[in-house]
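Encoded as structure tokens, the structure appears first; notes follow it.
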Amino acid sequence: MSAERPLIGVLALQGDVREHTAALEAGGARVLPVRRQSELADVVGLVIPGGESTTISRLLETFELLEPLRARLAAGMPAYGSCAGMILLAEKVLDGRPDQHQLGGLDMIVRRNAFGRQVDSFEEDLDFADIEGGPVHAVFIRAPWVESTSPTVRVLATVPETPTAGAAAGRIVAVRQGSVLATAFHPELTGDLRVHRLFVDIVRGA
Ligand code: GLN
């Protein structure tokens with residue numbers, strides 16, 4: 001049965017913990033909020049919500065989760081990072097704080113707060129590889145974009161090249177490397193379960 005409804009953790013230090021929990025449960029998983037090492041040890045996959053990557057980074061140290069989480073990721077634990085979660089999973093961040101930690105898992109460079117002040121938040125319909133049923137409506141909130149990827153990272157979605165997209169046109173905003181998934185946007189806010197379902201499927205297949 002546990003393979004049917006895998007126990008997935010939601011890192012519960014900051015961010016949309018409740019919304020991710022609801023989306024994962026509706027998407028076929030059982031969920032455990034993760035704040036300590038013993039909880040991390042119990043889950044077979046982890047969602048890292050959006051929020052503020054510098055704050056989550058600091059809290060990971062305070063809660064003594066930084067090294068255990070790096071170790072689980074290095075050992076192949078499936079993970080899904082949204083927004084700040086995407087930043088944390090990247091190997092390298094541009095416009096980050098010098099003391100912010102990277103967890104690794106995605107061999108790519110992200111740019112923090114990439115879309116600039118004028119477009120602090122915006123919404124866009126994205127074609128999303130691996131997701132059927134039409135475009136995914138994406139909500140971006142002070143989001144990063146992916147500046148560059150290694151060939152091992154698969155690009156799942158980019159910002160459409162519309163006349164109004166400006167510097168954001170064509171930027172990578174969803175990726176997957178092995179069992180690690182990340183989106184620059186927040187699918188937990190829209191009621192569209194498809195990204196969470198994709199992650200539950202990744203966990204089931206891992
Ligand atoms: N700008 C935030 C950061 O740097 C991310 C914003 C978000 O997660 N919505 O971490």
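The values are calculated or read from the model by the stated rules, or taken from the named source; none is laboratory data. Note that the coordinates shown come from a computational prediction; the quantities given were computed from them, not determined experimentally. Cβ placement follows ideal geometry from the backbone for every residue including glycine, while neighbour counts extend to all protein chains displayed. These accessible areas exclude ligands, DNA and RNA; they are computed on the full protein's heavy atoms, side chains included. Shrake-Rupley method; radii C 1.70, N 1.55, O 1.52, S 1.80 Å.
Odds and ends about this structure:
- Averaging the sequence gap over all C-alpha pairs within less than 8 Å and six or more residues apart, then dividing by the number of residues, gives region 7-205 a relative contact order of 20 percent.
- Within the chain, helix-based [θ] at 222 nm, where runs of 4 or more DSSP H residues each add -39,500 (n - 2.57), nearest 500: -7000 deg cm²/dmol
- Whole-Hz couplings from phi, Karplus 6.51/-1.76/1.60, listed for region 133-145; x for Gly and Pro: x, x, x, 9, 7, 10, 9, 9, 10, 6, 8, x, 10
- Calculated FRET value between S150 and R18, using beta carbons and R₀ = 45 Å, to 0.05: 0.85
- Rounded to the nearest 20, the size of the Cβ-charge dipole of the chain about its Cα centre is 380 debye, with Lys and Arg at +1 and Asp and Glu at -1.
- Full extension of the chain between L7 and D42 yields a length gain of 11.8 nm, computed as 0.36 nm times the residue separation minus the alpha carbon distance.
- DSSP-defined antiparallel bridges as percent of all bridges, the chain, nearest 5: 50
- Positive minus negative residues near E52 (Lys, Arg vs Asp, Glu; Cβ under 13 Å): +3
- ³J(HN,Hα) computed for each position of region 90-104 - Karplus, 6.51 cos²θ - 1.76 cosθ + 1.60, integer Hz, glycine/proline x: 6, 5, 8, 10, 9, 6, x, 8, x, 9, 7, 8, 9, 8, x
- Per-atom-type breakdown for region 7-205 gives carbon and sulfur 48% of the accessible area (1.4 Å probe, protein chains only).
- Counting 0.36 nm for each residue step from D120 to L94 and taking away their Cα separation leaves a gain of 7.6 nm.
- Principal axis extents of the Cα atoms in region 19-79, from largest to smallest and rounded to whole angstrom, are 31, 25, 17.
- Proximal charge balance of T21 [Cβ under 13 Å; K/R count +1, D/E count -1]: -2
- Calculated from the alpha-carbon coordinates, region 124-206 shows an Rg and a Dmax of 12.6, 40 Å respectively.
- With distances taken between every two different alpha-carbon atoms, the chain has a Kirkwood hydrodynamic radius of 16.6 Å.
- Summing Lys and Arg as +1 and Asp and Glu as -1 over all other residues whose Cβ lies under 10 Å from the Cβ of E188 gives a net charge of -2.
- Per-residue ³J(HN,Hα) for region 63-76, Karplus 6.51 cos²θ - 1.76 cosθ + 1.60, θ = phi - 60°, Hz, x for Gly and Pro: 8, 6, 10, 4, 5, x, 6, 4, 5, 5, 5, 4, 7, x
- The mean sequence separation of alpha-carbon pairs under 8 Å and at least six residues apart, normalised by the residue count of region 119-206, gives a relative contact order of 27 percent.
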